[in-house]
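Here's the structure, in structure tokens; my notes come after.
The values are calculated or read from the model by the stated rules, or taken from the named source; none is laboratory data. In this text, all values refer to a predicted model and were calculated from it rather than measured experimentally. Here Cβ is always computed from backbone atoms with ideal geometry, including for glycine, and neighbour counts include all displayed protein chains. Quick note on the areas: whole protein, heavy atoms, side chains included, nothing else; ligands and nucleic acids left out. Shrake-Rupley method; radii C 1.70, N 1.55, O 1.52, S 1.80 Å.
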Amino acid sequence: GATTTLVGLLSLLAVAAGGKLLVVPVDGSHWLSMREVLAMLRDRGHDVVVVAPEVSLHIKPSKDFVMKMYPVPFTQEEMDEDFQGFTKDLFQVESFLARVLRLYRRSKKTSALFLASCKHLLHNKELLKDLEDSKFDAILTDPILPCGQIVAEHLALPSVFFLQQMPCALEYEATQCPNPPSYVPRVFTEHTDRMAFLQRVRNLLYDLPNFFLCDVVFQPYAQLASEFLGRAVTVPDLLRQASIWLLKIDFVLHYPKPLMPNMVLVSGVNCAHK
């Protein structure tokens with residue numbers, strides 16, 4: 001199945017049995033499918049270390065990995081309240097413009113929590129020294145927030161990305177993968193991969209608000225990374241360092257689109273087992 005394929009790919013990172021994998025996850029539903037993969041890696045003899053904030057929605061200690069936690073400047077109540085609001089906003093029935101404005105405000109608030117968490121990870125010298133001394137083989141992270149890749153750059157580790165899709169199609173920019181609006185449907189358009197001329201125009205227009213949303217969410221990470229790494233970097237600069245992009249999509253639920261050689265489809269790993 002897809003999960004077996006994924007674990008096989010990750011296992012190749014360490015030739016000898018018992019490779020050491022550092023995991024910097026993103027909380028919420030992003031974590032739930034990643035957790036299943038970590039259990040299978042543990043069963044195959046790999047040492048898995050998960051770095052996570054002390055305040056989280058779903059990232060909790062487990063027998064499947066070693067947990068290293070760091071303090072953050074917000075409470076569990078603040079995080080729970082923000083995520084409940086985000087979920088409510090996503091399912092509001094309203095016009096496209098109203099949805100963009102609402103998501104803009106919510107993204108700004110939610111991303112502030114995640115950015116604060118990332119800053120406290122990068123400024124935790126004791127934890128970073130511990131990670132440096134652990135001599136990991138690779139890092140597994142979800143790039144929807146690039147904090148894990150900043151850590152990978154600092155530790156000079158090869159990185160594997162585990163994701164569904166990036167905001168603003170950053171995965172295409174980072175990998176130089178073709179993403180033509182005449183062929184690849186944009187989110188919320190409900191288009192297929194066969195569009196009339198006016199649908200292609202509409203598809204192109206739907207890309208425009210994304211750049212404002214992405215600037216709000218990602219520009220602070222570019223600034224943080226530049227300060228921490230001591231050189232000027234952009235978020236696409238960080239993302240293009242990934243060795244493998246493991247994409248939780250397939251061409252049954254998603255329309256066909258171009259892929260690059262290091263983009264591997266692993267659909268199915270976010271489905272629960274009965």
- In nm, the gap between the two label points placed 7 Å beyond Cα toward Cβ at Phe86 and Met260 is 2.6
- Message: Can you tell me what percent of all Cα-Cα pairs in the range 154-204 are more than 18 Å apart?
- Response: 44
- Using only alpha carbon pairs under 8 Å that are at least six residues apart, calculate the relative contact order of the range 17-265 and give it in whole percent. 18
- When only Cα pairs under 8 Å and 6 or more residues apart are kept, what is the percent relative contact order across the range 112-245? 28
- Listed peptides 141-148, 61-68, 189-196, 171-178 by packing density, highest first (mean Cβ within 10 Å): 141-148, 171-178, 61-68, 189-196
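Cβ under 13 Å from Leu265's Cβ, Leu265 left aside: what net charge do those residues give with Lys, Arg +1 and Asp, Glu -1?
0
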- Item | Student exercise, the range 141-200 dipole from Lys, Arg, Asp, Glu Cβ charges, in Debye to nearest 20 | 240
- Task: Answer with one residue from Gln84, Pro73, His46: the one whose Cα lies farthest towards the positive end of the charge dipole of the range 44-84, charges on Cβ with Lys, Arg +1 and Asp, Glu -1.
- Result: His46
- Query: Rounded to the nearest whole Å², what accessible area per residue is found for the chain with the 1.4 Å probe?
  - Reply: 51
- Task: Treat each spin label as a single point 7 Å out from the Cα along the C-beta direction, and report the Gln219 to Met67 distance in nm.
- Result: 3.7
- Query: Build a GNM of the chain with springs between Cα atoms under 10 Å: which of Leu246, Leu208, Leu32 gets the top mean-square fluctuation?
  - Reply: Leu208
- Task: List, largest first, the extents of the alpha carbons of the range 126-274 along their principal axes, each in whole Å.
- Result: 56, 41, 28
- Give the carbon-plus-sulfur fraction of the accessible surface of the chain in %, rounded to a whole number; probe 1.4 Å, heavy atoms of protein chains only. 58
- What are the lysines whose alpha-carbon lies under 21 Å from the alpha-carbon of Lys248, with same-chain residues fewer than 8 places away excluded? Lys257, Lys274
- Query: Where does helix 125-134 land angle-wise versus the long Cα axis of the chain, in degrees 0 to 90, nearest 10?
  - Reply: 70
- Item | Formal net charge of residues neighbouring Asn179 (Cβ-Cβ distance under 10 Å; K, R +1; D, E -1) | -1
- Message: Using only Cα atoms and rounding to the nearest 10 degrees, what angle (0 to 90) does helix 76-90 make with the longest principal axis of the chain?
- Response: 30
- Task: Calculate, in nm to one decimal, what Arg194 and Arg42 gain on full extension: separation in residues at 0.36 nm each, minus their alpha carbon distance.
- Result: 50.4 nm
- Task: Using only alpha carbon pairs under 8 Å that are at least six residues apart, calculate the relative contact order of the range 160-205 and give it in whole percent.
- Result: 28
- Note on the structure: Unit-weight point scatterers at every alpha-carbon of the chain, Debye formula, q = 0.08 1/Å: log10 I(q)/I(0) is -0.34
- Qualifying lysines (Cα of each under 20 Å from Cα of Lys125; at least 8 residues distant if same chain): Lys68, Lys135
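Report, in deg cm²/dmol and to the nearest 500, the calculated mean residue ellipticity at 222 nm for the chain, where each DSSP H run with n ≥ 4 adds -39500 (n - 2.57) and the sum is divided by the residue count.
Mean residue ellipticity, 222 nm, calculated: -14500 deg cm²/dmol.
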- Message: Take the residue pairs Lys20/Lys108; Lys60/Lys129; Lys88/Lys119 and return only those whose Cα atoms are more than 29 Å apart.
- Response: Lys20/Lys108
- Under the 7 Å Cα-to-Cβ spin-label approximation, Ser95 and Thr234 lie apart by a distance in nanometres of 3.3
- Rounded to the nearest 10 degrees, the helix 2-11 long axis (Cα) sits at an angle to the longest Cα principal axis of the chain of 50
- As straight-line cross-link partners of Lys109, the qualifying aspartates and glutamates (C-alpha separation under 19 Å, not fewer than 8 residues apart within one chain) are Asp27, Glu77, Glu78, Asp80, Glu81, Asp82, Asp89, Asp215
